[in-house]
Amino acid sequence: MSKENPNLKATKLYETSKSWDGTILKNFPEGTPHITFMKYLIKPYTKLPTHFHIIYNFAYVLKGELTIVKTETKEEKTFKTGEAIVETLDSHHYGENRKDEDLEIICCFVGKEGQPISIPVEEK
């Protein structure tokens, strides 16, 4: 893309090789990738079930705030409108909307055909 095109504006939103908690990302699995895009609407004061991912999950907050909490360490981070998220792999966590407005996020999951986008964890 040309930087000289007045009809085009490109803005890098995020660039990293680490997940939100600072863990270096693993290599992508070999084979043909299977990509899923999801848009989520999470109502105010909603805590999502604890789960983990075995595939890559990248997200972007369209509206509101998402707080992600790692259940083993209680480490948490809040992402606001316009922020990108690189999820952790193999780490038990949950997301939560702690605000009084709807939360909207778009997630992109990259794995292999047949792999689940998340795996639920039985809460204790």
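Assorted remarks:
- Screening H34 against (1) outside any loop (DSSP other than H, G, I, E, B); (2) within 16 Å of the chain's Cα centre (by Cα) leaves a single unmet condition, (2).
- Selection from segment 12-63 of residues that are surrounded by 13 or more Cβ atoms within 10 Å (Cβ to Cβ), hydrophobic (A, V, I, L, M, F, W, C), farther than 23 Å from D100 by Cβ and free of Cβ contacts under 8 Å to residues at least 60 places away in the same chain: F58
- The set of residues in segment 29-38 that are more than 19 Å from S118 (Cβ to Cβ) and among the hydroxyl-bearing types (S, T, Y) contains only T32.
- Qualifying residue in segment 94-104 (condition: among the aliphatic types (A, V, I, L, M) and under 20 Å from P116 (Cα atoms)): no
- Residue within segment 39-55 that is farther than 26 Å from G114 by Cα and out of contact with any Asp or Glu (no Cβ under 9 Å at 6 or more places or on another chain) present: no
- Consider segment 43-65 and keep the residues that are farther than 23 Å from E122 by Cβ and assigned to a strand (DSSP E or B). The one that is farthest from the chain's Cα centre (by Cα) is K63.
- The residue that is surrounded by the fewest Cβ atoms within 10 Å (Cβ to Cβ), among those in segment 72-122 that are basic (K, R) and part of a loop (DSSP other than H, G, I, E, B), is K74.
- Scanning segment 99-124 for residues being within 22 Å of G31 (Cα to Cα) and not polar (S, T, N, Q) gives a total of 11.
Coordinate-derived values only; no laboratory data. Quick caveat, the model's predicted, so the values are computed rather than measured. Don't worry about glycine lacking a Cβ; one is built from the backbone with ideal geometry, like all the others, and counts go over all protein chains shown.
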